[in-house]
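Notes follow the structure.
The values are calculated or read from the model by the stated rules, or taken from the named source; none is laboratory data. Quick caveat: nothing in here was measured; it's all calculated off a predicted structure. Heads up, the Cβs are rebuilt from the backbone with ideal geometry, glycines too, and the neighbour counts pull from every protein chain shown.
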Amino acid sequence: MPLFVGFVPTHPQHVDAFFEIAPLTSSDVVYDLGSGDGRLVFACLGQGAGKAVGVELDRKLIKKARDTARERGLENRASFVQSDVTEVDLTGASVVFCYLTPQASAALKPKFEHELKAGTRVVIESFPIPGWKPAQTTARGYADYYEINEFFLYVMPATPSDQGIGL
């Protein structure tokens, strides 16, 4: 199993950018690939998602996220899968969130094309999917945080970029 990145959480001030670019409804099933401690999964539920699934390799982070779900009474709406993101079935997703690496974005491209149904939204923080043209982008930066992060929204089927790279 490839390890694309260790636990690098989305900065708390950047979490809202996911929901601004892809607003959630109660019919949404969100998958957070590389969910870490589950912070984005819980934020999804707070933003109105019907269900959220975190996918994470680290056993300790999965335990922490499951404990938090139990403490908050969210076991019926939040679930956590200990798995490599390339091995989890995404066919049930209506929204996919990722903050991984450029290599992960490239590696997940064929999986997204094969498993995600038309209309599924994919939001990637910082590392766009090569060869795809985003439907929308947004950037976040704050005075007390030195880095500006971009967020890329794709709607399946993704649109090829103008760079001549086809799907």
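Of the residues that make up the range 105-119, is at least one closer than 18 Å to Gln47 by Cβ and under 16 Å from the mean Cα position of the chain (by Cα)? No, the range 105-119 contains no residue that is closer than 18 Å to Gln47 by Cβ and under 16 Å from the mean Cα position of the chain (by Cα). Any residue in the range 19-36 that is in contact with a strand residue (DSSP E or B) (Cβ under 9 Å, 6 or more places away or on another chain), farther than 14 Å from Arg121 by Cβ, aliphatic (A, V, I, L, M) and buried (at least 23 other Cβ atoms within 10 Å of the Cβ)? Checked against the condition, which is being in contact with a strand residue (DSSP E or B) (Cβ under 9 Å, 6 or more places away or on another chain), farther than 14 Å from Arg121 by Cβ, aliphatic (A, V, I, L, M) and buried (at least 23 other Cβ atoms within 10 Å of the Cβ), the range 19-36 yields no hits at all. Checking the range 99-108 against the condition returns a match, with at least one residue being touching a Ser or Thr at 6+ places or on another chain (Cβ under 7 Å) and surrounded by fewer than 19 Cβ atoms within 10 Å (Cβ to Cβ). His114 falls short on exactly one of the conditions (1) in contact (Cβ under 8 Å) with a residue 12 or more places away in the chain; (2) part of a helix (DSSP H, G or I), and that condition is (1). When residues in the range 61-88 are screened for being under 17 Å from Ala49 (Cβ atoms) and of a type outside the set (S, T, N, Q), 10 of them pass. List every residue pair whose Cβ atoms sit under 9 Å apart, with the two residues 6 or more apart in sequence or on different chains, where the first one lies in the range 11-27 and is under 21 Å from Gly50 (Cβ atoms) and modelled with pLDDT of 95 or more and the second, anywhere, is surrounded by 18 or more Cβ atoms within 10 Å (Cβ to Cβ) and acidic (Asp, Glu). So the pair list comes out as Ala22/Asp28.
Total residues in the range 38-97 satisfying the condition of being within 20 Å of Leu108 (Cα to Cα) and charged (D, E, K, R): the figure is 5. Just one residue in the set Phe112, Phe80 is out of contact with any Leu (no Cβ under 6 Å at 6 or more places or on another chain), closer than 22 Å to Ala17 by Cα and at pLDDT 95 or above; that residue is Phe112. Filtering the range 128-157 to residues that are in a loop (DSSP other than H, G, I, E, B) and at pLDDT below 90 leaves Ala143, Asp144.
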